[in-house]
Every structure is written in structure tokens, then in C-alpha cells.
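Undergrad: Take a look at this one; I'll ask things after.
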Amino acid sequence: MAQQTPEIDIRLWAARLLKNWYWFFIGCFVFSGWGLYKYFSSTRQYPVDARIMIRSNDSEMTMPQMEVMQMMGISGSKQVEDEVAILTSRDILTQIVRDLDLQSEYRKKRYLRWEGQYPSRGLTVVYPEQFLDTTKKFVRIKLCVRKNHSFVRVQYGKWSFSRHRVKDITQPFMTCAGEISFRLHSPLEKGDKYSIFTLPILPSVDQYAKTIVAEPIKKESNVISISTTTDMPQRAIDFINKEIELYNHDALIDKNLMASNTASFIEERLRLIEEELSAAESEVEQYKENYGIVDLASEAGLYLSESSEYKKRAAEIETQLNLVKYVSDYISDDSKANNLIPANLGIADGSLVGLITEYNTILLNKMRVQRTAMDNNPIVAQMDAQLLLLRENIITSIASVSNSLQISKKDLDKRRGKVDSQRGDIPSQERQYREVARNKQLKESLYLYLYEKREENALTLASTIVPAKVIAKPQMNPTATSPRLKIIALICLILGCGFPFAGIYLYYMFNNRLSDDSKELERKTNLPFGGALVQNHHGEHIAVRDGVNSVSAELFRSLRTNVGFMLPAAKKNPVILVTSSINSEGKSYVATNLAISLSLLNKKVALVGLDIRKPMLAKYLNLPSKGCLTSYLADDAYSVDDLIVPSEFSNLDILPSGVIPPNPNELLQGERLDQLFAELRQRYDYVIVDSAPVAMVSDTFQLSRVADMTVYVCRARYTTFDLIDFLNQVHEQKRLPNIVTVLNGVVAKNVGYGYGYGYGVNTSKS
């Protein structure tokens, strides 16, 4: 059979929470104080951000080059990611920390808050030479200024401490961190408190690497956002400005390195072409002298007009062949394997230029990454593989381009041959001269072309355009991100209500004793409830007296009324059994005062003490040692009259238990008990029996045969739930007749009983 989940009684829990409302008030008050302290003691954190745009190399590429880059999987976003890695590299951050002296953090106490100071307006600490570069431990300094001296507390690492009383802090003094002093920037005042925290260089760099965030504003964007949150906005602004400055400086160095390499290549080629051009000019002059050719222009005008187009194209192809050959020779030179390949020579083939540009881009990124990475860095290895593959592709592309140019050249030569064959009137000497002159012309074209490229490269080298353009300078958002008063107030409210709620919930969940709430007893037993009785704080055993209208007296009168309604209608002169589960639950107290309350109705009442193991009635009522109920049960010589002790109340007689017998249970099983109650029913209107606790001994169960009703006493904050389970078992097994529960020991304010007027003494009868 599946176990059912107990339902939550919302009304019950609401009543419990309302009952303990003051805990919520205390909780909210305490946490409100904590929240105010947290708000006024916490440093204000402000966001600082800047935006830069990385100038892409795409603007310097032709369309074929850009297509090749896309085919190779090299996009602008990847370039930006690489630049972000360089921007936040350890080398740049280390340089910033050194240049701005950010290893030490200065704070000054202002009321409850330690306010950051940048730059430090009060003082700076002077460490030994090379200390900041060599130390492996942090230094924490606390300075408190007094009238004629200062207290300095120094912590060096986790376990080294020293305290100093210094008159002049500008003079060096020895500490656990070595000899230090202070440089004052403004006069110190009595009561000033400073805190200086210094980190070694590497932890300091790591700290800034975690706080400074650089990332593209969105995918495929060249705009990078650099942001941080700090309580010293000016420090963050200076940091970001310095970061952008160093990034641009390094990028310009890389750019100039590429231009310088291209310039060296062009200068070398110009020197060789100049020598070849000089030789060609000498050959032309020598040919003219040998064959007597004076005016070549007038003699070859027709040929030139017919074949000018072929010559032009042939010159272009020859130029391209030489450029491709120069690049091929450059790549084949092993000594230049790690150099950038000249990329601005004017090679017409877009695919080859794209491969060279991609090769130079990756090689440049590799050189930049190697500045901050280890030799075995996987990124460097990946770049080496890419470079090797690209180098092979470039060589293959050069061979393909060269072959294509050769084919084009042969085709042009064939066409020019046809034209030349049709001009048989041109002397062979002149044709030979034109070959020599054409060679000279090609050398001149190549020389002029390279000279032009040299000038363009010089302009590139002289250019100061930085790769990172600032589109939004670093600035502080005046709205602090923390502490936020609304969030703190919400947290205080949650904690102020949550802790009392959790405490109350845990108390009731883990509390295994009855509460002051009588409905709890009703829910756990499903038995008729006779009433609740207040605590007896004064040690008085008698709460009900004639003319007294106290809270206790009125509650016993209410119990009297309820018991009267719950008695079986056919029973006359009923016997009411008063018991409990264990000792100290108040059964004797309830039996005594219930009997008194009934006697005040002018009813003859007998109070029988049958808790013969631990009798309490004689103590409660200050009875004389007369009568002995146990003797009556054991000896036929005793009569009922021998047992009766008159009380101070006119209609109430007491039958005390007497001497504790050795065999209580056997006595209660005898016929004398039945005879006793038969006679008491004839003499009295009500017979109240104070019996033994049923969970401790079985004596009370022997009395069930003579009783008409059982008043079962439970005590608030004393009776446990397992005793209630025992009561339910007794009820299910019908071991006691007509059980009515009573909750004793309730706090007066929780009874829920009032008349609209104060309790006092009333002389009227009850």
C-alpha cells in the first residue's frame, strides 16, 4: 500500500507564523541593519568600457585575393579573435602593470568604507630596489596615523607579520618584508588610515587578465569592446588607454617589418636588373656600330605599327615571368624560409597573390603569438603546418602560372613569326637588331616597374596608420553596478523573513512535543476535546475557588461544562477517570480542580486517589493522614466511611490512596474495587478518580470497568507525539471508556479566551 504524502495545513502554518510574528520583526530589523552596514561599507563599483575597430587587411586585397582567403577559411572574425588574444597577451599586460605601477593598490578609510586611491594622493610606499620584480609573496600594509607617531602593521605572505610604532614614516625602517618607507604627497592628519596591498608581478598581471574583458561586440564584427568593473575608474581608463597604445605600437612594428623585408627584396632585384639593363644597352650600341644602323625608328615604323600590340603583350608576359621567377628563387632560398614573401610586386595572378598574402598573414600572426607563447604551444604548431601547406601550394601555383605564361608567350611568338614572315623586305640585320632592342626594352620596363614599387613600399613604410582605431574612448558609467540598494533591501527582506521562517519550520518539523495549539491535539487524535488549561506558574494546586474568576478557574468551568455534555445520557452519578500517559502531565491537578468545580454546582463529589504507586492528592489538598484506600481494597474490615476525608469545600470528599502497597495491580483486580464504586455511585453525584499514568503501568486499565468516562490529560511542550500514538492505540483497542482529551500547561495568551473585561474576584457563586 503506497504511503500517502501528508497534506500541508495552510491555516495551521499561517497561525503558527502569526503567532511568532515578532521573530520576523526581529529578523527584518537585524538584517536591515546588516544591509545598511553592507551598503555604506562596500566600495562603489563602476563599469568602464571602450570600443576599438580593427582595420582589416581586406581593403588592401583584390577581389581574387579575398575569394582565395574565404576559400581557405580565413575570415575577418578569425582575424579579430587573433587580435583579441594579442590585445590581452601577458606581455602587453605586464608592460602596462610596470608602466602604470599597478602592483600596489592604495585605499584610505573614509567612515565605514575603504576608498580606492588612484593615483595615491596621500602617500606611496617605497620598497627596496628590485623588490617588486623579485618578490614571490604579497605584502599587506595597514597604517594608522596618531598625533606624534604612526602604527604600521606589515604582513608578508600568509605567515609573516610585524608591527611597528614609527615617528617618521618617511625614514626607512625594517619590517618583515624588508626595509620600507613612505613618500608623502600630502600632509597626514590624525586618524588617517591607509591600506596598501602589493602583489608580485605575475599574480598582479593574472588579476588584471581576469578583470579586463576584450571581445567582439558581435560575430563577424571588427569592433572590439574592452570593459571592466572597478571602484577606481581612472585606473581602468588609464589601463585601457595604455593597452590600446601598446597594441598599436606592436602592430606598427610588425607592419614595418614586412615593409622592410619587401624593400630589401626590391633593392636586390633593382641592382641585378640595373646590371642586366646596362649590358643590354651596350649590346644595342655594339650592334648599331657593327651593322651601321642609325635611324631605327624611320626604318621600322611599319613593323612597329603592325606588331605593337604583340610586343606590348609579350613585354607584359615577360615581366610576369621574371616576377614569378624572382619569387620562386626567393622561396627556394632556404636561408629565407622564415622570412615574409614579397607581396607587393604586381603579380597579375590573383590566386598566387592570395596565397602569398595568406602566407604572410599567418607568418606574421605566428611571430606575434611567439612573443607570448611557449615553443611547444599547439597554436604555433598549427600555424607551422598551415605555413608548410601554403608554401607547397605557392610553389605549385608558381609552376602553374609560369607554365601558363610560357604557353602564352609561345602563342604570341608564333603570331609574331607569321607577321615577320610576311615582311620579307625587312633585312635580317634589322630583325636581329630589334631582338636586341626588345631585350633592352624589357629590362627597362622591369627596372621602371620595380623602381615604382620601391617608392610605393617606401610610402607604406613611412605610414603611421595604426591598426586599432578608437571609436569610443574609455569612459566611466556614472551609475554604480554595486552595491545596489534595491538588491540589498530585497536580500535583507528575504533573509529577515527566511531565517525566522526556516527556524519556525524546523522547530515544528523536528519538535516531537505538543504545542499550545489545541487543534493540533484534535488533529492527531480525532478524539473529543474537553478544553485547554493554562500553566500554573505560582505552584498553586487549587485554581478553582468560590467567587474567583481567574483565567484558570474559568477554563476549568468550561471543562466542567464540556464534560457534562459528553457524558453518556443514561449514566447517573457517573465515574470520571482522570489519567495521562506519563508523570508530570497534570492529571492530579486536573482531577482535583475538576472535582472542586463540580462541587461548586452544589453537587456531591468524591475525589478518589487511585494512583496508588505515586499518590499526590494528599499533598495537593494538605489532607491529614486519615483513611487508607489501599487498606480498604486489601482488607474487608474497612468500610467506605473509614476512607472519606472531608475537604475545605462543602460538597467535596476525598478518598486518599494511603500507603503504597507491594501489589497495586492485584488490589485493583479484586471485587472490593467494584464494591467501593457501587457504594460511591449511591452516595455522590460525581466520582472523580485520579489514576496512574497509563503508559507507565497498567493499573488504570483495571479501573476502566468501573468508569463511565476518561479525561485524558496531555501537556503542552511536554507530551511527545509517540505518547499521542499510544493514546490512539488505547482508543482503537477500547481499553478506556469514552476518552475526552484535555490540553494542560497552555500559555495564557494562546488560549484564545476573553470576555471583554478583566478577570478579578467575584463574590457570586459558580
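Values quoted throughout were computed directly from the atomic coordinates according to the rules given, and no laboratory measurement underlies them. Fair warning: this is a prediction, and the values are worked out from it, not measured in the lab. Every residue, glycine among them, receives a Cβ derived from its backbone with ideal geometry; neighbour counts consider all protein chains shown.
Undergrad: Any chance you could give the angle, 0 to 90 degrees and rounded to 10, that helix 428-462 forms with the longest Cα principal axis of the chain?
TA: With rounding to tens, the tilt is 30 degrees.
Undergrad: Ok, one more. Using a cut-off of 15 Å between beta-carbons, work out the net charge of the residues near Arg271 (Lys and Arg +1, Asp and Glu -1, Arg271 not included).
TA: -2
Undergrad: Of the beta bridges DSSP finds with both residues in the chain, what % are antiparallel, to the nearest 5? Please report the intermediate quantities before stating the final value.
TA: Numbers: 60 of 88 bridges.
The antiparallel proportion sits near 70 percent.
Undergrad: Another question, then. Relative contact order of the chain, please, whole-number percent, based on alpha carbon pairs below 8 angstrom and at least 6 residues apart.
TA: 16 percent
Undergrad: Mean residue ellipticity at 222 nm from the helices of the chain, using -39,500 (n - 2.57) per DSSP H segment of n ≥ 4 over the full residue count, to the nearest 500 deg cm²/dmol?
TA: Value at 222 nm, helices only, nearest 500: -16500 deg cm²/dmol.
Undergrad: Of the listed peptides 606-615, 37-46, 740-749, 335-344, what is their order by residue-averaged count of other C-beta atoms within 10 Å, with the highest listed first?
TA: Listed from highest to lowest mean packing, they are 606-615, 740-749, 335-344, 37-46.
Undergrad: Now a separate question. Under a Cβ-Cβ cut-off of 12 Å, what is the net charge of the residues other than Lys587 that fall near it, where Lys and Arg count +1 and Asp and Glu count -1?
TA: Net charge around Lys587: -1.
Undergrad: Right, next: What stretch of the chain, leaving out the sites themselves, is the longest with no GluC sites (Glu not before Pro) in a DSSP loop having at most 14 other Cβ atoms within 10 Å?
TA: It runs 221-539.
Undergrad: A follow-up question, please. Placing unit charges on C-beta atoms (Lys and Arg positive, Asp and Glu negative, everything else neutral), compute the dipole magnitude of the chain about its Cα centre in debye, rounded to 20.
TA: Details: 92 positive and 88 negative charges, 842 e Å.
With Lys and Arg at +1 and Asp and Glu at -1, about 4040 debye.
Undergrad: Rounded to whole Å, give me the distance from the Cα center of region 682-750 to that of region 143-187.
TA: One Cα centre to the other: 77 Å.
Undergrad: Can you tally the net charge around Pro574? Count Lys and Arg as +1, Asp and Glu as -1, for every other residue whose Cβ sits under 10 Å from the Cβ of Pro574. Walk me through the intermediate numbers first.
TA: Details: positive: Lys571, Lys572, Arg681; negative: Asp685, Asp708.
Local charge sum for Pro574: +1.
Undergrad: Can you give the angle from 0 to 90° between the axis of helix 551-566 and the longest principal axis of the chain, with both taken from C-alpha atoms, to the nearest 10?
TA: For 551-566 against the chain, the angle is about 80 degrees.
Undergrad: What are the trypsin sites (Lys or Arg not before Pro) within region 472-541 that DSSP puts in a loop, where the Cβ has at most 16 other Cβ atoms within 10 Å?
TA: Values: sites: Arg484, Lys486, Arg513, Lys519, Arg523, Lys524; in loops: Arg484.
Answer in residue order: Arg484.
Undergrad: A further question on this structure: Each residue of region 395-402 in order: what ³J(HN,Hα) in whole Hz does its phi give by Karplus 6.51 cos²θ - 1.76 cosθ + 1.60, θ = phi - 60°, with x for Gly and Pro?
TA: Each residue's phi maps through the Karplus curve to give 4, 4, 5, 4, 4, 5, 5, 4 Hz.
Undergrad: With everything on Cα atoms, drop me the angle between helix 10-19 and the longest principal axis of the chain, reported from 0 to 90° to the nearest 10.
TA: Taking Cα atoms only, the helix is inclined about 80 degrees.
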